[in-house]
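The structure under discussion appears below in the form of structure tokens.
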Amino acid sequence: MKQLNFKGVNLPAIGIGTWHMGDNPQTYAQEKATILYGLNHGATVIDTAEMYGAGNAEKLVGDVLQEVDRQKVFLISKFYPQNATKEKMKQALSSSLKRLKTDYLDLYLLHWRGPVLLSETVAGLIELQKEGKIRHWGVSNFDTADLEGLYNLPQGDQVFANEDLYNLANRGIEYDLLPWQRDHQLPLIAYAPIDQGDSRGQELTQNAIIQQISHNHQVTAMQILLAWTIQAKDILAIPQTSNIDHMKQNIEAGSITLSAEEMKEIDLEFPAPVSKQSLRMI
Ligand SMILES: NC(=O)c1ccc[n+]([C@@H]2O[C@H](COP(=O)([O-])OP(=O)(O)OC[C@H]3O[C@@H](n4cnc5c(N)ncnc54)[C@H](OP(=O)(O)O)[C@@H]3O)[C@@H](O)[C@H]2O)c1
């Protein structure tokens, strides 16, 4: 598994997404086992949110955390934009920590921009950090102008990461956002790194070039899509799966290196953007 250095913190390039998990009692045990497998095999970053299943995903993660060394996990959760005031953020965090059965988060993200002034949100996050309830804070679904605004605020440049939609079918951020983040040494967490799986991504997995490259590496097309997302050294991907075999494959994808030739072939098939595109989010 490739390892990253995010502002001095060592993290694996593949983490674990949890959207749509924890809702169904019939698949709960399987979901728990899948996340546990991931944590025990190097995918030690978990991404969740108060929004997911109205707290169900956090509860599931909390159950998994009881079975591992909490300190070895980098735990991310997110708060709703309407909870981005100092007071509401405190309450939201306290509820998240209760569901997660832990007393701190490694990273707390504003899920997307909303009505609350960003300056108040940043001040609130820094307070939570001083209290030791969160190690780092960050943002999600921010575009370049949002980040510029953030960096103009006092301590705004202490943001740990930005989490945005990024996959082979959605390369828009490569035009100006990723270069801006690189200029400012701000890492990216790529969500939906396989375009939400085959339900949406068949156009990707059935593509002849992707098929050929997966044949070269003796892996699945989905693993090539995932490997492509993390070819750079400053991108961490958080694929979601409820299937242990898929979890194994996703972890293996964290060690695949695509050749320059393969990257070129992919670029020809799925070109990088040549103009500004508005930020996509799901
Ligand atoms: N910050 C935000 O606003 C935001 C927005 C969206 C998502 N996220 C985060 O990002 C995570 C990932 O995004 P996502 O869940 O939307 O989409 P995704 O990870 O791109 O795709 C998930 C889908 O891919 C399938 N899958 C996973 N690994 C596979 C493999 N090796 N082979 C075949 N199929 C595979 C899963 O089904 P199986 O269970 O069958 O494997 C699932 O249906 C979320 O869970 C969430 O934590 C954040």
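The values are calculated or read from the model by the stated rules, or taken from the named source; none is laboratory data. Keep in mind it's a predicted model, so treat the numbers as computed, not measured. Cβ coordinates were reconstructed from backbone atoms using ideal geometry, including for glycine residues, and neighbour counts include every protein chain displayed. Just so you know, the surface numbers come from the protein's heavy atoms only, side chains and all, with ligands and any DNA or RNA stripped out. Shrake-Rupley method; radii C 1.70, N 1.55, O 1.52, S 1.80 Å.
Filter the stretch 76-125 down to the residues that are among the basic types (Lys, Arg), touching a Phe, Trp or Tyr at 6+ places or on another chain (Cβ under 9 Å) and away from the ligand (no atom under 16 Å from the Cβ) and list them by number.
Once the filter is applied, which keeps residues that are among the basic types (Lys, Arg), touching a Phe, Trp or Tyr at 6+ places or on another chain (Cβ under 9 Å) and away from the ligand (no atom under 16 Å from the Cβ), the stretch 76-125 yields only 88.
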Among the residues of the stretch 232-258, which ones are open to solvent by less than 50 Å² (accessible area, probe 1.4 Å), of a type outside the set (A, V, I, L, M, F, W, C) and within 15 Å of the chain's Cα centre (by Cα)?
234, 239, 241, 250, 254
Out of (1) of a type outside the set (Ser, Thr, Tyr); (2) closer than 30 Å to residue 117 by Cα; (3) touching a Lys or Arg at 6+ places or on another chain (Cβ under 9 Å); (4) surrounded by fewer than 19 Cβ atoms within 10 Å (Cβ to Cβ), what's the single condition that is false for residue 192?
(4)
Being within 14 Å of the ligand (Cβ to nearest atom), under 16 Å from residue 112 (Cα atoms), surrounded by fewer than 21 Cβ atoms within 10 Å (Cβ to Cβ) and within 18 Å of the chain's Cα centre (by Cα) is the filter here, so list the residues in the stretch 144-184 that pass it.
165
Starting from the stretch 242-265, keep only residues that are more than 16 Å from the ligand (Cβ to nearest atom), then list their pairs with residues that are not in a helix (DSSP H, G or I) whose Cβ atoms are within a distance under 8 Å, requiring at least 6 positions of separation or different chains.
257/231; 258/231; 263/231
If we scan the stretch 57-65, do we find a residue that is within 15 Å of the ligand (Cβ to nearest atom) and either of a type in the set (S, T, N, Q) or closer than 19 Å to residue 282 by Cβ (or both)?
yes
Scan (1) among the polar types (S, T, N, Q); (2) free of Cβ contacts under 8 Å to residues at least 12 places away in the same chain; (3) farther than 20 Å from residue 236 by Cβ for the single condition residue 71 breaks and write down its number.
(3)
Can you say whether residue 9 is touching a residue at least 60 places away in the same chain (Cβ under 8 Å) and within 17 Å of residue 189 (Cβ to Cβ), as far as the supplied structure shows?
yes
